[in-house]
Structure formats: structure tokens, C-alpha cells
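Step one of this worksheet: look at the structure below.
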Amino acid sequence: LFLAVAVGRAQVQQEPWAEAREGTSINITCSHLDVTANSIQWYQQRPHQPPQLITRGFGSGEQAVPEPAGTLLIATDRRSSALRLSRPRWRDAAVYYCAVSD
């Protein structure tokens, strides 16, 4: 299964799944083919819940993500981003989505 989401002219692509041991950091990556997007968002969806916005980035670089604890990393060319969960816990098991918008 490969996840590809089209948002207007923008496209994002993610790996279908990732796995980590509790307490071991993990990067969840996303490619954005439209670098003109203004905002890059990451969502977390727990079972039987709607997706919840967990962070949004407007430039390149790193920014802290409070919950789940981690970092949003946006490449200098803005063609990719990663959500790094620094010490994932069992309760952080969820579906994570990235999205871009103007």
C-alpha cells in the first residue's frame, strides 16, 4: 500500500508504514512535489478518532513538536519533511499524515 494524496496542484507522498521500539526515535518522511506550498502540516489519527493537527511549518529548518514529543524537519528546498518522534511511547501508535496548502 502506498499513500499518495493530491491537494489541488500539490502532491505529497509518504511511505506506507514505519515501526519503532518504544523510546527509540523514528523519522516519518514525506515528499512534497509542489515547493510553492505555503504551509506543511502533519496530522495524527488514532483509532476511531478524526485526524488531529499536531504541527505546521512555514519555512525550512527545524521546529519543536510538543505532542507527541519530537521535531518537524523541513528540507531547505522544501521538497521533503520529516516528523521525528524523539521518544515514542505506545500511545503514539497512530496513522500520521502530511499535507501541504497555499
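For the stretch 76-89, give me each residue that is farther than 16 Å from Gln45 by Cβ and either aromatic (Phe, Trp, Tyr) or buried (at least 16 other Cβ atoms within 10 Å of the Cβ) (or both).
Arg78, Ser80, Ser81, Ala82, Arg84, listed by residue number.
Which one of these does Asp34 not meet: (1) open to solvent by less than 70 Å² (accessible area, probe 1.4 Å); (2) part of a loop (DSSP other than H, G, I, E, B); (3) modelled with pLDDT of 90 or more?
The single condition Asp34 does not satisfy is (3).
Restricting the search to the stretch 55-81, which residues are under 18 Å from Asn38 (Cβ atoms), among the β-branched types (Val, Ile, Thr) and within 13 Å of the chain's Cα centre (by Cα)?
Once the filter is applied, which keeps residues that are under 18 Å from Asn38 (Cβ atoms), among the β-branched types (Val, Ile, Thr) and within 13 Å of the chain's Cα centre (by Cα), the stretch 55-81 yields Thr55, Ile74.
Residues of the stretch 55-97 being free of Cβ contacts under 8 Å to residues at least 24 places away in the same chain and β-branched (Val, Ile, Thr), which ones?
Those that are free of Cβ contacts under 8 Å to residues at least 24 places away in the same chain and β-branched (Val, Ile, Thr): Val65, Thr71, Thr76.
The values are calculated or read from the model by the stated rules, or taken from the named source; none is laboratory data. Keep in mind the model is a prediction, meaning the values are calculated, not measured. With ideal geometry, Cβ positions are generated from the backbone for all residues, glycine too; neighbour counts draw on all protein chains shown. Please note that ligands, DNA and RNA were not included when accessible areas were found on the heavy atoms of the full protein model with its side chains. Shrake-Rupley method; radii C 1.70, N 1.55, O 1.52, S 1.80 Å.
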